[in-house]
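What follows is a short report on a single structure.
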Amino acid sequence: MSARVFISRDSGTLCVGAEEVARALFNAAESRGLDITIVRTGSRGMYWLEPTIEVECPQGRIGYGPVKPSDIDSLLDAGMLEGGRHRLSLSLVEDIPFFKKQTRLTFARVGIIDPRSLEDYKAMAAARGWKRRSL
């Protein structure tokens with residue numbers, strides 16, 4: 001089964017190296033023969049922790065950040081794809097105090113889904129309003 005990894009692609013995170021981190025992760029996974037899916041999202045707004053990598057695990061999304069391309073090998077060696085501990089571990093992203101204080105309405109899906117993926121919208125039931133009833 002493919003590990004799902006989330007990395008922001010918005011302008012703020014691109015300025016601090018998110019594209020280079022995503023490319024380094026892709027290349028490392030390919031050279032190691034790892035089955036991963038990199039989902040590009042918007043930032044959740046924690047710019048002091050960007051680029052952040054979030055890994056989908058049974059207990060929720062485990063975050064790592066701020067990540068540099070040179071950190072990728074040590075993250076993978078530490079078991080990042082299974083939520084392993086590393087000096088950049090942020091634990092469950094939802095438990096970060098920055099998020100615990102928030103109720104997100106307008107930006108509820110930012111950082112959660114790929115904003116360019118209709119399948120992600122459908123999976124989150126966000127496309128209900130787009131569907132037409134057949135007559």
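What follows is calculated from the coordinates using simple rules that are stated; it is not laboratory data. Quick caveat: nothing in here was measured; it's all calculated off a predicted structure. Quick reminder, even Gly has a Cβ in these numbers, built from the backbone with ideal geometry, and neighbours come from all protein chains shown.
Model label points for LYS68 and SER2, set 7 angstrom from Cα along the Cα-to-Cβ axis, are 3.1 nm apart.
Peptides 87-99, 65-77 ranked from most to least packed, by the mean per-residue count of other Cβ atoms within 10 Å: 65-77, 87-99. Legend: calculated FRET efficiency, ARG85 to CYS15, from the Cβ-Cβ distance at R0 = 25 Å, rounded to 0.05, equals 0.30. Simple spin-label estimate for PHE98 and ARG23 gives 2.5 nm between the two label positions (7 Å along the Cα-to-Cβ direction from each Cα). Close amide H partners of ILE36, meaning residues 5 or more places away or on another chain with modelled amide H under 5 Å apart, are ALA3.
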